[in-house]
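The values are calculated or read from the model by the stated rules, or taken from the named source; none is laboratory data. The shown structure was predicted, so the numbers you read here are calculated from the model rather than taken from an experiment. Note: ideal-geometry Cβ built from the backbone for every residue, glycine included; neighbour counts use all protein chains shown.
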Amino acid sequence: MFRRKRSGALVCVAFLGVAMVLILTSRAVGAGLPMKDSRLPAFQLPAPASESDLQYLGVQPPSFGLKDVQCEILLVEILGVYCPLCYQQAPLFNKLHGRIQKRGLGDRVKMLGIAIGATTAEVEHLRQGGSYVYPIVQDEKLVVHKLLGEPRTPFTLLVARDGKVLYTHLGVIEDMDAFFQVIQDLAKQGSHE
């Protein structure tokens with residue numbers, strides 16, 4: 001009888017352990033993240049410091065919302081200043097930015113990085129260091145990060161001007177050709193508002 005109670009207790013402990021792992025894992029991989037066809041909540045971001053970044057996005061200081069960016073499709077990259085995967089993806093996205101411009105999509109598709117938890121000085125360091133050729137703004141108090149379900153980084157979204165999510169990807173995008181094709185296909189579909 002003692003053996004049966006002990007094995008029952010072990011089963012109970014094992015069940016609780018598995019349940020905790022599942023709960024923690026679902027949170028760790030970004031449960032509650034925006035999904036395709038959902039709508040992002042409205043939020044404000046600090047305007048970039050650079051005049052060229054302001055012109056590129058078509059926004060004015062001191063702050064802006066995604067709907068204020070002058071484009072049909074906005075590629076938003078949620079990144080971490082100290083995220084090694086973000087640094088791995090940065091040169092790929094810099095090349096993607098160039099492809100978008102060369103293919104004549106630059107007026108319709110814009111790119112924006114949101115550095116979660118970053119200070120103004122950290123964002124300035126990223127831009128001056130040449131890690132990113134497109135605008136990066138900070139989410140120093142993690143407000144946007146929380147609104148988006150606290151994704152790990154990098155987290156990439158393609159968003160229509162009205163906030164409709166057209167595409168999401170958690171982690172490094174390995175196949176830039178396929179991703180660029182998604183962008184081109186969405187741009188061909190016309191206005192997403």
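With respect to residue 98, determine if the residue is out of contact with any helix residue (DSSP H, G or I) (no Cβ under 6 Å at 6 or more places or on another chain) and on the phi > 0 side of the Ramachandran plot. Against the criterion (out of contact with any helix residue (DSSP H, G or I) (no Cβ under 6 Å at 6 or more places or on another chain) and on the phi > 0 side of the Ramachandran plot), residue 98 does not qualify.
The set of residues in region 45-72 that are more than 20 Å from residue 190 (Cα to Cα) and of a type in the set (A, V, I, L, M) comprises 45, 47, 49, 54, 59. For region 135-184, a residue qualifies if it is polar (S, T, N, Q) and either outside any strand (DSSP E or B) or not assigned by TED's automatic domain parsing to the domain that holds residue 99 (or both), and the qualifying residues are 153, 181, 184. Among the residues of this structure, residue 44 does not count as one that is polar (S, T, N, Q), within 18 Å of residue 169 (Cα to Cα) and under 17 Å from the mean Cα position of the chain (by Cα). Taking the criterion of being farther than 19 Å from residue 82 by Cβ and crowded, with 20+ Cβ neighbours inside 10 Å, the residues of region 106-133 that qualify are 109, 110, 111, 112. The single condition from (1) in contact with a Ser or Thr (Cβ under 7 Å, 6 or more places away or on another chain); (2) in contact (Cβ under 8 Å) with a residue 24 or more places away in the chain; (3) not basic (Lys, Arg) that residue 123 fails is (1).
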